[in-house]
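> After the structure tokens below, expect a handful of questions from me.
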Amino acid sequence: MLQTISWIAVDWGTSNLRAWGIGADGQVVAEAASDQGMGKLDRAGFEPALLDLVGNWLPRDEKPLIIAGGMVGAGQGWVEVRYRQAPCRPVFSDVLGTPETRDPRLLVKVLAGIKQVAPDPDVMRGEETQIAGFLVENPTFEGTLCLPGTHTKWVRINASEIVHFKTFMTGELFSLLATQSVLRHSLDAAESDQAEFAGTVAAAANDASRFAERLFSIRAEGLVHGLAPARAKARLSGILIGTELAAAQGFWKDQNLVIVGNGAQSELYAEGLKALGPPLRRSDATHVTLAGLKSAYQHIARDI
């Protein structure tokens, strides 16, 4: 029998939806996930997608608070929540969205993203929850967090605040180049060559001006010298990540650096930075996401 759920934590991204049922003692008593991310839904589809996932957790005569972070609060999400402005703490209860719902058991609060006005305009939605969770467990941290993803974030932290951040479209560029450019003829699903990746990262980081030239060289070397698909894939990743690391050097060089992430992409960033030499630590993205949602709940529940 399902244990009593006091509230529900939701991480709603572009591609996926994850939920955790939290008991009175703060422990996870239920967990579920689906592929019903924001990118697959129109505004009317969010409530049914959530109910499909957690409907059987909801009692008939109570409204457990549901805290949702991520792209669910974007302009294309369930309810648009205005951005909070950096410098600021990553998650707080001063800006929230409350979507209209038909099911009387639902009480949903959607967290705000964060915008940066200067020195360069930038935005984030979802990463701030991970940052909040990391800071719950590392309250004295000063330095840089790297959050790999489709749009990788580099975030400077000082005095428990997000003071400055920069976004790189490296993950999206890899997908576009690998599937829609001429380079698609040189790549396949083969494993990536680790040595090729490390060498390419170092070369690209040391001379980012050859970015476009290096990209076409993947295709040319495949035609002229039969570059193996595993090496071609590694070279594409290395060019993109190495060029990013060159541009983000101010965030990681001589800084206390932590990569927040799971999976293959985070491994690539760790390997790429290792090739360039800076020491770093790792932090589990799922763990800190949940910790951040718990932190938000503590703020929000006091005000409801």
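> Taking the range 258-289 only, how many residues are touching a residue at least 40 places away in the same chain (Cβ under 8 Å) and among the acidic types (Asp, Glu)?
1
> Can you pull out every residue in the range 212-230 that is modelled with pLDDT under 95 and within 24 Å of Thr150 (Cβ to Cβ)?
Across the range 212-230, the qualifying residues are Pro229, Ala230.
> Would you say Ala49 is surrounded by fewer than 16 Cβ atoms within 10 Å (Cβ to Cβ) and either hydrophobic (A, V, I, L, M, F, W, C) or touching a residue at least 12 places away in the same chain (Cβ under 8 Å) (or both)?
Numbers: surrounded by fewer than 16 Cβ atoms within 10 Å (Cβ to Cβ): no; either hydrophobic (A, V, I, L, M, F, W, C) or touching a residue at least 12 places away in the same chain (Cβ under 8 Å) (or both): yes.
No; evaluated as a whole, the condition is false for this residue.
> While we're on this one: So, in the range 183-204, of the ones that are among the polar types (S, T, N, Q) and in a helix (DSSP H, G or I), which residue ends up nearest to Leu276 (Cα to Cα)? Steps first, answer last, please.
Restricting attention to the range 183-204, the residues satisfying the condition of being among the polar types (S, T, N, Q) are 186, 192, 194, 200.
Checking the rest, the ones that are also in a helix (DSSP H, G or I) come to 194, 200.
Values: Gln194: 14, Thr200: 11 Å.
Going through the qualifying residues, I end up with Thr200.
> Here's a follow-up. Are any of the residues in the range 231-250 part of a loop (DSSP other than H, G, I, E, B) and touching a strand residue (DSSP E or B) at 6+ places or on another chain (Cβ under 8 Å)?
Start the filter on the range 231-250 by keeping residues that are part of a loop (DSSP other than H, G, I, E, B), which leaves 248.
When the remaining residues are screened for being touching a strand residue (DSSP E or B) at 6+ places or on another chain (Cβ under 8 Å), the result is 248.
Looking through the range 231-250, at least one residue is part of a loop (DSSP other than H, G, I, E, B) and touching a strand residue (DSSP E or B) at 6+ places or on another chain (Cβ under 8 Å).
> Answer with yes or no whether Val163 is of a type outside the set (Phe, Trp, Tyr), surrounded by fewer than 19 Cβ atoms within 10 Å (Cβ to Cβ) and assigned to a strand (DSSP E or B). Walk me through it before giving the result.
Values: of a type outside the set (Phe, Trp, Tyr): yes; surrounded by fewer than 19 Cβ atoms within 10 Å (Cβ to Cβ): yes; assigned to a strand (DSSP E or B): yes.
Yes, satisfied.
> Has the range 46-56 got at least one residue that is assigned to a loop (DSSP other than H, G, I, E, B) and not basic (Lys, Arg)? Outline the logic, then answer.
Just the residues of the range 46-56 that are assigned to a loop (DSSP other than H, G, I, E, B), to begin with: none.
Scanning the range 46-56, I find no residue that is assigned to a loop (DSSP other than H, G, I, E, B) and not basic (Lys, Arg), so the answer is no.
> Now for a separate question. Leu147 - would you say it is touching a Gly at 6+ places or on another chain (Cβ under 8 Å), at pLDDT 95 or above and closer than 22 Å to Asn262 by Cβ?
On the way: touching a Gly at 6+ places or on another chain (Cβ under 8 Å): yes; at pLDDT 95 or above: yes; closer than 22 Å to Asn262 by Cβ: yes.
Spelling it out, Leu147 is indeed touching a Gly at 6+ places or on another chain (Cβ under 8 Å), at pLDDT 95 or above and closer than 22 Å to Asn262 by Cβ.
> I'd like to verify a number: residues in the range 177-197 that are aliphatic (A, V, I, L, M), under 19 Å from Leu245 (Cβ atoms) and crowded, with 18+ Cβ neighbours inside 10 Å, how many?
Narrowing the range 177-197 to residues aliphatic (A, V, I, L, M): 177-178, 182-183, 187, 189-190, 195.
After this cut, where a residue has to be under 19 Å from Leu245 (Cβ atoms) as well, the list is 177, 195.
Next, from what is left, pick out any that are crowded, with 18+ Cβ neighbours inside 10 Å: 177.
Selection size over the range 177-197: 1.
The values are calculated or read from the model by the stated rules, or taken from the named source; none is laboratory data. Every value quoted in this text rests on a predicted model; they were computed, and no experiment measured them. Don't worry about glycine lacking a Cβ; one is built from the backbone with ideal geometry, like all the others, and counts go over all protein chains shown.
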